[in-house]
Amino acid sequence: MDINGASSAALSSRQTLDSNGGYAEEYLLPTNHLGGRGADGIGSINNSGREGLGPMGGGNNEWKYEMRREAQQIIPGLYLGPFQSSTNLTKMKLMGITHVLCIRDKKESSLIYPRFPTEFRYMTLDISDNTDQNLITIFPKCRDFIEEAMTMGGTVLAHCNGGIALSPAIVVGYLMWKFNLSADNALAYVQSKRYCVSTMSFQNQFKEYEPIQMAQKMVQNAGFGAGMGNVNKRQALDEEDGEEDEEDRRRKQPMRSELISDISMD
């Protein structure tokens, strides 16, 4: 069970009627703790909100090879794609892109760089596509960048060179944190939206990140809310104790002075 009271490892499903009159299976993932329908609900995303993850897959759209050259919407406010998807200004504006998370290998810096720095806000990170690269230390800054954009009502395009490993790994980490998902569920969800994703180099790090992000959410939800109230209560009690101690010292001080005077006179 995750901290929201719902299992983050289990996928729920439902049958929906498709355009051909048949039935299609849709897989749903749990809403996050900010969800508008309750923390333990199973929600899907529509155009009116971002409260949770929607059905896995792209509906009735069959994945085609050329789609790997385009960006796919992972959740409202977050697209994932290759570098090529960040070079078409007209299309990016039609998608509503406001922020670009540019992930590249250092040796690609001369080819992959912000193309429209006056049009969008960029974060550019040099990351190696190998097992030695520590992604866990990079997740927080990427998470903050995406969260800031969404809070402003913006839309983020996360991309690397091919949109297959580096930027998908960052998006997987973000979904794990945002929705309290297991590594397997987060990866499955991203792959259902962008079929060509392959993040085998980072699988072990995803597993290591699971307990870390869960602990962070526990501190954030339990500690920041009720915990801050307890801190304030403790501070108030400490202040009261301090006042009482000072009053006791005042009462006791004359007694000690008189005693010292009596002893001196003797």
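The values are calculated or read from the model by the stated rules, or taken from the named source; none is laboratory data. Quantities reported herein were computed from a predicted structural model and do not represent experimental measurements. Virtual Cβ from ideal backbone geometry, glycine too; neighbours counted across all protein chains shown.
Computed quantities for the displayed model
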{"quantity": "Yes/no for Lys207 being part of a helix (DSSP H, G or I), touching a helix residue (DSSP H, G or I) at 6+ places or on another chain (Cβ under 6 Å) and surrounded by fewer than 17 Cβ atoms within 10 Å (Cβ to Cβ)", "calculated": "yes"}
{"quantity": "Where Met150 falls short, out of the listed (1) buried (at least 16 other Cβ atoms within 10 Å of the Cβ); (2) under 20 Å from Glu208 (Cβ atoms)", "calculated": "(2)"}
{"quantity": "Selection within region 137-146 - surrounded by 15 or more Cβ atoms within 10 Å (Cβ to Cβ) and either among the charged types (D, E, K, R) or touching a residue at least 40 places away in the same chain (Cβ under 8 Å) (or both)", "calculated": "Phe139, Cys142, Arg143, Phe145, Ile146"}
{"quantity": "Within region 103-201, helices (runs of 4 or more DSSP H) holding 2 or more residues that are at positive phi", "calculated": "none"}
{"quantity": "Residue in region 163-181 that is buried (at least 17 other Cβ atoms within 10 Å of the Cβ), charged (D, E, K, R) and in contact with a Pro (Cβ under 8 Å, 6 or more places away or on another chain) present", "calculated": "no"}
{"quantity": "Failed condition for Val156, given (1) in contact (Cβ under 8 Å) with a residue 40 or more places away in the chain; (2) more than 16 Å from Ala71 (Cβ to Cβ); (3) touching a helix residue (DSSP H, G or I) at 6+ places or on another chain (Cβ under 8 Å); (4) not aromatic (Phe, Trp, Tyr)", "calculated": "(2)"}
{"quantity": "Sole exception among (1) within 20 Å of the chain's Cα centre (by Cα); (2) surrounded by 14 or more Cβ atoms within 10 Å (Cβ to Cβ); (3) at pLDDT 95 or above for Phe120, by number", "calculated": "(1)"}
{"quantity": "Members of region 81-111 found to be among the hydrophobic types (A, V, I, L, M, F, W, C) and more than 23 Å from Met200 (Cα to Cα), listed by number", "calculated": "Leu89, Met92, Leu94, Met95, Ile97, Val100, Leu111"}
